[in-house]
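Since every read-out is calculated from the coordinates, none of them should be taken as a lab result. Predicted model, so just to flag it, every value in this text is computed and none were measured. So basically every Cβ, Gly included, is an ideal-geometry build from the backbone, and we count neighbours across all protein chains shown.
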Amino acid sequence: MGNGPFSTVIQNAGDIQNQGVELILNWADNIGDFSYGVGGNISTVNNKVLSISSNTDFITSGSLGNGQLVTRSEVGVPVGSFYGYQVIGIFQNQGEVDASATTGNQQPGDLKYQDVNSDGVIDEGDRVFIGSYIPDFTYGFNANVGYKGINLSLDFYGSQGNDIYNGRDAVRPNRFNYETTRNDFWRGEGTSTTEPRASQSANNEPSSYFVQDGSFLRLRNAILSYDIPRQWASAVKISSARVYVKGTNIFTRTDYTGYSPEIASNQVDASGIDLGTYPIVSIYSIGVNLTF
């Protein structure tokens, strides 16, 4: 067997179970010149790691590009689960810091982490499951109505219960500007119980602070059209004609503070990590369809 440039090989590192249900319903009808239709779908998936076939109890992944790994795949939880410290508040004064378990270099205004194993020190042993990119369910629904050549169709889709790790926020001090959510940062005792002090290097450890609800509802398409009466079209030697106004990705309802709640990844064990996902573009167009 020849020598190659690679020091590792791809292998099946474990077993994963996926169980789910999908439901699709559609209905359409006509009442005289009025027509309508509605439809919808919903699907769920329960993902769980059944076994790890390597010489370890878990597999870490989800690099933020700064040496930190924020996901862990281990038996009993979804693959690529977010793993980090559980934030329980903000240190308001030095007395609180001295009386609490810390990483060793924390100060007032820093995030306060849960001492899970009660050993008085915040370290790797205190990292816990803090979220998963896998949603509770995904869904979509559509509706269309028509009356004497005028037609309106709407298409929605969304996701519910999935988490996003805002990695862009975690590495922001060295790469990006802050968003307005950071305007309420800690400035002194009692000024904030949710936003830590401004710092270029502190409070960026993997933690629940960077995990946000990624649920969203998006109006994917909306089309308003008018079919020109055939007798009008035939007068100019056209078989049929339709004029329309169309909008794509018109609005998105979400509580996620990043650019987009849809986070793409080519790694199943690093999904749901936002490292600066480009926002979905809204497109509006006007057109004419002609058949000769």
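Please give every one of the lysines within straight-line cross-link reach of Lys148, meaning a C-alpha to C-alpha distance under 22 Å, and leave out same-chain neighbours fewer than 8 residues apart.
Lys237, Lys246
Given R₀ = 41 Å, FRET efficiency for Gln68-Ile24 by Cβ-Cβ distance, to 0.05? Could the numbers behind the result be given before it?
Values: r = 41 Å, r/R0 = 1.00.
Once the sixth-power term is evaluated, E becomes 0.50.
For a quick check: with amide H placed at 1.01 Å from N, whose amide H comes under 5 Å from Phe137's, ignoring anything fewer than 5 positions away on the same chain?
Gln160
Can you give the calculated 222 nm mean residue ellipticity of the chain, where each DSSP H run of n ≥ 4 adds -39,500 (n - 2.57) and the sum is split over every residue, rounded to the nearest 500 deg cm²/dmol? Walk me through the intermediate numbers first.
On the way: 4 runs with 18 residues, N = 292.
Taking each H run of at least 4 residues, the total per residue is -1000 deg cm²/dmol.
What does the highest-first list of 12-24, 268-280, 234-246, 156-168 look like by mean Cβ count within 10 Å?
Numbers: 12-24: 11.5, 268-280: 17.8, 234-246: 13.0, 156-168: 21.1.
Result, highest mean first: 156-168, 268-280, 234-246, 12-24.
Near Ser240, within a Cβ-to-Cβ distance under 14 Å, what is the net charge of the other residues, with Lys and Arg +1 and Asp and Glu -1? Provide the component values of the computation, followed by the final result.
Details: positive: Arg230, Lys237, Arg242; negative: Asp227.
Charge balance near Ser240 sits at +2.
Over all distinct Cα pairs, what is the inverse of the mean 1/r for the stretch 238-292, reported as the Kirkwood hydrodynamic radius in Å? Could you put the intermediate results ahead of the total?
On the way: mean 1/r = 0.0690 Å⁻¹.
With all distinct Cα pairs of the stretch 238-292 included, I get 14.5 Å.
Rounded to the nearest 0.05, what FRET efficiency is calculated for Asn144 and Ile88 with R0 set to 51 Å and r the Cβ-Cβ distance? The partial results should precede the final answer.
Numbers: r = 49 Å, r/R0 = 0.97.
My answer for the efficiency is 0.55.
In what sequence, highest mean first, do 112-121, 200-209 appear when ranked by Cβ atoms within 10 angstrom?
Numbers: 112-121: 15.2, 200-209: 18.3.
Descending packing order for the listed peptides: 200-209, 112-121.
Near the amide H of Lys112, under 5 Å away, which other amide H atoms are found, from residues 5 or more places off or on another chain, if H is placed in the peptide plane?
The answer is Ile88, Gly89, Ile90, Phe91.
Between Ala99 and Asn41, what's the calculated FRET efficiency when r is the beta-carbon distance and R0 is 51 Å? Round to 0.05. Intermediate results must be reported in sequence, preceding the final value.
Values: r = 53 Å, r/R0 = 1.04.
The pair Ala99/Asn41 has a calculated efficiency of 0.45.
Which net charge results for the neighbourhood of Arg218, defined as the other residues with beta-carbon distances under 12 angstrom from its beta-carbon, given Lys and Arg at +1 and Asp and Glu at -1? Spell out each step's value before the answer.
Numbers: positive: Arg220, Arg253; negative: Asp155, Glu262.
Combined, the nearby Lys, Arg, Asp and Glu give 0.
Whose amide H sits under 5 Å from the amide H of Asp163, counting only residues 5 or more places off or on another chain, with H placed in the peptide plane?
Under 5 Å from the amide H of Asp163 lie the amide H atoms of Ser132, Tyr133, Ile134, Gly214, each far enough along the sequence or on another chain.
Students often check this: by mean Cβ neighbours within 10 Å, which of 72-83, 25-36 ranks highest, and how do the rest follow? Don't jump to the answer; show the numbers that get you there.
Numbers: 72-83: 20.8, 25-36: 10.2.
The peptides rank, most packed first, as 72-83, 25-36.
Just subtract the alpha-carbon distance of Thr180 and Thr60 from 0.36 nm times their residue separation and send over the number in nm, one decimal. Each step should come with its number before you reach the end.
Working: separation 120, 0.36 × 120 = 43.20 nm, distance 3.21 nm.
Here the answer is 40.0 nm.
Residues with beta-carbon under 15 Å from that of Leu154, excluding Leu154: net charge, scoring Lys, Arg +1 and Asp, Glu -1?
Numbers: positive: Arg218, Arg220, Lys246, Arg253; negative: Asp155.
Net charge around Leu154: +3.
Match the structure shown to one of the listed values [x] 15.6; [y] 24.5; [z] 14.5 of mean projected area of the Cα convex hull in nm², computed from it, and give that label.
Only one option fits the structure, namely [y].
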